[in-house]
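Undergrad: Below is the structure I would like to discuss, written out as structure tokens.
The values are calculated or read from the model by the stated rules, or taken from the named source; none is laboratory data. Note that the structure is predicted; figures quoted are calculated from it, not measured. Positions of Cβ are backbone-derived with ideal geometry, glycine not excepted, and every protein chain shown enters the neighbour counts.
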């Protein structure tokens with residue numbers, strides 16, 4: 001089993017006054033040591049690869065892991081540490097054949113999806129939404145009980161995502177998750193760097 005960083009799972013954004021590189025730098029400066037490049041607009045592969053490479057360079061300078069969301073081709077071309085796929089993307093097994101020993105993460109919005117991700121060879125699960133999320137309002141709600149059940153059933157790391165606020169961190173850590181993925185709570189705030197650091201510190205607090 002690969003050893004993945006615990007704590008804040010950073011996800012880059014293009015919005016709220018940031019681009020992928022600036023949002024990645026902000027998260028890295030705050031202490032995140034795993035960063036996912038996430039681009040949902042229909043950009044060309046070349047544009048996405050160029051953006052991904054900038055984020056990868058930043059991750060390397062901070063000793064952080066670099067993950068590409070959805071796009072196995074962009075992950076391969078940017079020499080990412082891994083890829084994160086959803087239920088409608090490349091299956092984990094095919095992503096593994098394409099990327100070899102890279103980190104493979106899989107989104108799961110149900111307990112059964114999370115268990116199957118492990119069976120398919122995923123290295124970690126991104127589980128949620130735990131709470132209603134402003135960035136994915138249509139997302140099914142896994143809920144705290146579903147998250148707790150999933151953590152107890154799989155041996156691979158589980159990162160919680162979806163509607164997570166600072167006051168949720170201690171409770172989620174207590175359930176045994178490896179970290180929390182946060183977007184809007186950080187980037188929709190007036191001081192995103194400060195808020196991101198608060199998430200890191202809250203996770204590290206004994």
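Undergrad: Give the stretch 5-24 a look and list any residue that's within 14 Å of residue 160 (Cα to Cα) and touching a strand residue (DSSP E or B) at 6+ places or on another chain (Cβ under 6 Å), or say none.
TA: 5, 6, 7, 9, 10, 11
Undergrad: Looking at residue 197, is it buried (at least 18 other Cβ atoms within 10 Å of the Cβ) and in contact (Cβ under 8 Å) with a residue 24 or more places away in the chain?
TA: yes
Undergrad: Also: Looking at (1) surrounded by 16 or more Cβ atoms within 10 Å (Cβ to Cβ); (2) out of contact with any helix residue (DSSP H, G or I) (no Cβ under 9 Å at 6 or more places or on another chain); (3) more than 26 Å from residue 30 (Cβ to Cβ), find the lone condition where residue 159 falls short.
TA: (3)
Undergrad: Name, by its number, the condition in (1) buried (at least 22 other Cβ atoms within 10 Å of the Cβ); (2) assigned to a helix (DSSP H, G or I); (3) in contact (Cβ under 8 Å) with a residue 60 or more places away in the chain that does not hold for residue 24.
TA: (3)
Undergrad: Residues of the stretch 153-182 being closer than 15 Å to residue 84 by Cα and part of a loop (DSSP other than H, G, I, E, B), which ones?
TA: Within the stretch 153-182, 156, 157 meet the criteria.
Undergrad: Out of all the residues in the stretch 32-49, is one or more out of contact with any strand residue (DSSP E or B) (no Cβ under 6 Å at 6 or more places or on another chain), modelled with pLDDT of 95 or more and under 24 Å from residue 168 (Cα atoms)?
TA: Yes: one or more hits.
Undergrad: Continuing with the same structure: Between a first residue in the stretch 90-103 that is without any contact (Cβ under 8 Å) to a residue 24 or more places away in the chain and at negative phi and a second residue that is buried (at least 17 other Cβ atoms within 10 Å of the Cβ) and part of a helix (DSSP H, G or I), which pairs have beta carbons less than 7 Å apart while being 6 or more apart in sequence or on different chains?
TA: 90/72; 95/72
Undergrad: Please go through the stretch 30-59 and give me each residue that is within 17 Å of the chain's Cα centre (by Cα) and surrounded by fewer than 19 Cβ atoms within 10 Å (Cβ to Cβ), ordered by number.
TA: Answer for the stretch 30-59, where residues must be within 17 Å of the chain's Cα centre (by Cα) and surrounded by fewer than 19 Cβ atoms within 10 Å (Cβ to Cβ): just 40.
Undergrad: Just to be sure, is residue 185 buried (at least 17 other Cβ atoms within 10 Å of the Cβ), under 18 Å from the mean Cα position of the chain (by Cα) and closer than 23 Å to residue 83 by Cβ?
TA: Against the criterion (buried (at least 17 other Cβ atoms within 10 Å of the Cβ), under 18 Å from the mean Cα position of the chain (by Cα) and closer than 23 Å to residue 83 by Cβ), residue 185 does not qualify.
Undergrad: Does the stretch 169-180 hold any residues that are crowded, with 19+ Cβ neighbours inside 10 Å and without any contact (Cβ under 8 Å) to a residue 40 or more places away in the chain, and which are they?
TA: Correct list: 169, 173.
Undergrad: Shifting gears a bit: Taking the stretch 1-21, which residues are more than 24 Å from residue 173 (Cβ to Cβ) and in a strand (DSSP E or B)?
TA: Hits for the stretch 1-21 are 15, 18.
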